[in-house]
Amino acid sequence: MTVRSYSRGRSLLAVMRLSVLTFLADPQWLVPSLIAPVIFGLVSYELFSGSGPWFVLYAILGAGMMSMWGQTLYGSGWATGQDRHLGTLEPTLTAPTPYVYIVLGRVVWNTIAGLLGGAIVFVVVAITYGHPIPLANPLLFLLMFAFVITTLAAVGVVFAAAYVYTRYAGFVQNVGEFAFYIGTGCMFPVVLLPFWSNPVSLVLPPTWALDALRYLAIPGYQGFSWGFWGDMAGALGTTAVYLAIAGSVFQRVERHVLEAGDLNDW
C-alpha cells in the first residue's frame, strides 16, 4: 500500500512538472491566461468606473474568471484531448498509475495558473483604481476566489472525461467559451438573464460559487434569493456531483482500454 501511494504521488508531481514545462514552452497560453484577462479587466473597469466604488469588484471578478476559464477550465478540459491528439492516451491509460492521477496533476497546475492570472488581474485593476479595493475581509475573499476555481476545475475534469468520447473537443470548447462566460455570471449576475435560462446556469457549479462570492464581497448585493449559504450548499453539491461523474467515466474508460487495448471503436 505504501509503495502504491508513493508511486501515485510521484506520478502526480511528475505530471505537474511536465504541465509547467509545457505551459512555459508554448507561449500561446500566455495570451488567454495572463494577457487577455488584464485587457478585459481594464476595459471592464472603465465601463464600471462611474458606477460607484463597489463596481470595481465586478471588473476584477469578471476578468479574473476569464483568466480562470482560459487555464483552469479550458486547460483541464483538454487534459485528455491532448493525449488523444498526440496518440498517447492508450499507453497512458495502461500505465500502472490510474489515469485519474494524470488528469489530476494537470488540473492542479491549471488551477494554480488560474489563480496566478486572477492575481495579476487584481493587482493591475487595483493599481489603475488608485484606491484600496473595498474588501471587508480580504483573506476570506481570497479563500472564496480559490473555491470558485475549484468549482471550475470540477467542470474541467468532467470535460476531460467526456472528451475521451469525441475527437472534436477543441471545437466544442471554442463554441461554448462565451456561452460559459454568460451562463455562469462572469461579468454580471445570472439573475439579470431571462428567467428561463436560470435552470441551465444552475447546473454549473461556478454559477453558485460566483454568486456566493458576490454576496461576500459586495454589500447590499441581491443575487439568488437563497443567499450566501444557499449558494455555498449548491456549489458544494454540484461540485461533488461533477467529480463523481468524472470518476465514474474515467473508470469506465480505463476498463475499456484494458479489455480492448485501444479506443478506436469509440
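Couple of notes before you dig in:
- Any hit, region 225-240, residues being closer than 21 Å to P98 by Cβ and either modelled with pLDDT of 75 or more or not in a helix (DSSP H, G or I) (or both): yes
- Every condition in (1) more than 30 Å from L93 (Cβ to Cβ); (2) crowded, with 16+ Cβ neighbours inside 10 Å; (3) modelled with pLDDT of 80 or more holds for V200 except the one numbered (2).
- Residues of region 184-212 classified as within 14 Å of the chain's Cα centre (by Cα) and hydroxyl-bearing (S, T, Y), total: 2
- Extreme residue, nearest to the chain's Cα centre (by Cα), among residues of region 105-143 that are over 23 Å from I39 (Cα atoms) and surrounded by fewer than 21 Cβ atoms within 10 Å (Cβ to Cβ): V108
- When region 241-266 is limited to residues that are among the polar types (S, T, N, Q) and within 20 Å of L104 (Cα to Cα), the one that is modelled with the lowest pLDDT turns out to be Q251.
Residue-wise test of (1) modelled with pLDDT of 75 or more; (2) surrounded by fewer than 16 Cβ atoms within 10 Å (Cβ to Cβ); (3) of a type in the set (S, T, Y).
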site: R10; (1), (2), (3): yes, yes, no
site: L18; (1), (2), (3): yes, yes, no
site: T22; (1), (2), (3): yes, yes, yes
site: Q28; (1), (2), (3): no, yes, no
site: P32; (1), (2), (3): no, no, no
site: S49; (1), (2), (3): no, yes, yes
site: P53; (1), (2), (3): no, yes, no
site: W69; (1), (2), (3): no, no, no
site: G77; (1), (2), (3): no, no, no
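- Identity of the residue in region 223-237, under 18 Å from the mean Cα position of the chain (by Cα) and surrounded by fewer than 21 Cβ atoms within 10 Å (Cβ to Cβ), that ends up farthest from V56 (Cα to Cα): G237
- Hits in region 193-219 - residues which are assigned to a loop (DSSP other than H, G, I, E, B) and either touching a residue at least 12 places away in the same chain (Cβ under 8 Å) or closer than 13 Å to A235 by Cβ (or both): L202, V203, L204, I218, P219
- Given (1) touching a Phe, Trp or Tyr at 6+ places or on another chain (Cβ under 9 Å); (2) at pLDDT 85 or above, number of the condition V191 does not satisfy: (2)
- One residue from G220, G183 being small (G, A, S), touching a helix residue (DSSP H, G or I) at 6+ places or on another chain (Cβ under 9 Å), more than 14 Å from V148 (Cβ to Cβ) and surrounded by fewer than 16 Cβ atoms within 10 Å (Cβ to Cβ): G220
- Matching helices (runs of 4 or more DSSP H) fully within region 92-184 where at least 3 residues are hydrophobic (A, V, I, L, M, F, W, C), modelled with pLDDT of 80 or more and under 20 Å from G41 (Cβ atoms): 99-129, 138-162
The values are calculated or read from the model by the stated rules, or taken from the named source; none is laboratory data. Nothing here was measured: the structure is a model prediction, and the numbers come from that model. A quick note on method: Cβ atoms are made from the backbone with ideal geometry, for glycine too, and the neighbour counts reach across all protein chains shown.
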